[in-house]
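Trainee: Here you go, one structure.
The values are calculated or read from the model by the stated rules, or taken from the named source; none is laboratory data. The model shown is predicted, which means the values in this text are computed figures rather than measured ones. Ideal geometry is used to build each Cβ from the backbone, glycine not excepted, and the neighbour counts take in all protein chains shown. Ligands, DNA and RNA are stripped out before the accessible areas are found, and what is left, the full protein with its side chains, is counted by its heavy atoms. Shrake-Rupley method; radii C 1.70, N 1.55, O 1.52, S 1.80 Å.
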Amino acid sequence: MEFIRAPKEKGCFLCRIVRAGPKQDAANLVVCRGRHCLLLLNRYPYNSGHLMVAPRRHVGRLGRLTPAELKEMMELTCLGERLLTRVAQPQGFNLGINQGTAAGAGLKDHLHMHLVPRWEGDTNFMPALGRVRVVPQALAEMHAALRKALARERGASARSR
């Protein structure tokens, strides 16, 4: 309801987050900044830990990404999967890109990949009957846990070199 009732942001929220820079990453729920893409928590998630991977560049179609953007988008998606596995231990994932409003894109002009952790039985009566999503973990708490897991992963990979 917060999303539905809130005034709609003018412009692109992903571009705003890119421009805000690393000092605002905690406030903007950015887990990791790559050279070409961002890994961030969805502020209005379908499930706890719902991540998005987006190019820094404002582009609306997968076919318009550069090879470097495509590569990093998939690398950050895989990183998000590893971090969520460590932090939330999901039993599966939904991955998806909605291109255009007809396909369900809430932000039609800035491409982004959804990475949604899933557990057996996680769909309950609330979305079906109440048209409400219940997310049992605070975003700031999940963000902190993912950043901690990212630091551990980076430390482990530096030690293995």
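Trainee: Checking LYS108 against (1) assigned to a loop (DSSP other than H, G, I, E, B); (2) modelled with pLDDT under 90; (3) loosely packed, with under 12 Cβ neighbours inside 10 Å, which test does it fail?
Mentor: Evaluating LYS108 over (1) assigned to a loop (DSSP other than H, G, I, E, B); (2) modelled with pLDDT under 90; (3) loosely packed, with under 12 Cβ neighbours inside 10 Å leaves (3) as the failure.
Trainee: Any chance you could count how many residues in the stretch 126-161 are over 20 Å from TYR44 (Cβ atoms) and either modelled with pLDDT under 85 or open to solvent by less than 50 Å² (accessible area, probe 1.4 Å) (or both)?
Mentor: Number of matching residues: 10.
Here's the yes/no breakdown for (1) surrounded by 17 or more Cβ atoms within 10 Å (Cβ to Cβ); (2) among the acidic types (Asp, Glu):
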| site | (1), (2) |
| --- | --- |
| GLY21 | no, no |
| VAL31 | yes, no |
| GLY34 | yes, no |
| CYS37 | yes, no |
| TYR44 | no, no |
| GLY49 | yes, no |
| THR66 | no, no |
| GLU72 | yes, yes |
| CYS78 | no, no |
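Trainee: Continuing with this model, one more query. For the stretch 4-22, state whether one or more residues are modelled with pLDDT of 95 or more, among the charged types (D, E, K, R), within 19 Å of ARG147 (Cβ to Cβ) and not in a loop (DSSP other than H, G, I, E, B).
Mentor: No, because not a single residue in the stretch 4-22 is modelled with pLDDT of 95 or more, among the charged types (D, E, K, R), within 19 Å of ARG147 (Cβ to Cβ) and not in a loop (DSSP other than H, G, I, E, B).
Trainee: Report, by residue number, each residue of the stretch 86-95 that is surrounded by 15 or more Cβ atoms within 10 Å (Cβ to Cβ) and not small (Gly, Ala, Ser).
Mentor: Passing the criteria: ARG86, VAL87, PRO90, PHE93.
Trainee: Which is modelled with pLDDT of 95 or more and either closer than 16 Å to LEU107 by Cα or assigned to a loop (DSSP other than H, G, I, E, B) (or both), of LEU40, LEU70, LEU76, LEU83?
Mentor: Result of the check over LEU40, LEU70, LEU76, LEU83: LEU40.
Trainee: Does GLY92 satisfy being farther than 19 Å from VAL30 by Cα and at pLDDT 90 or above?
Mentor: Answer is yes for this residue.
Trainee: Of all residues being touching a helix residue (DSSP H, G or I) at 6+ places or on another chain (Cβ under 9 Å) and in a loop (DSSP other than H, G, I, E, B) in the stretch 86-102, which is nearest to HIS50 (Cα to Cα)? Just the residue, please.
Mentor: Only one residue tops the list, namely PRO90.
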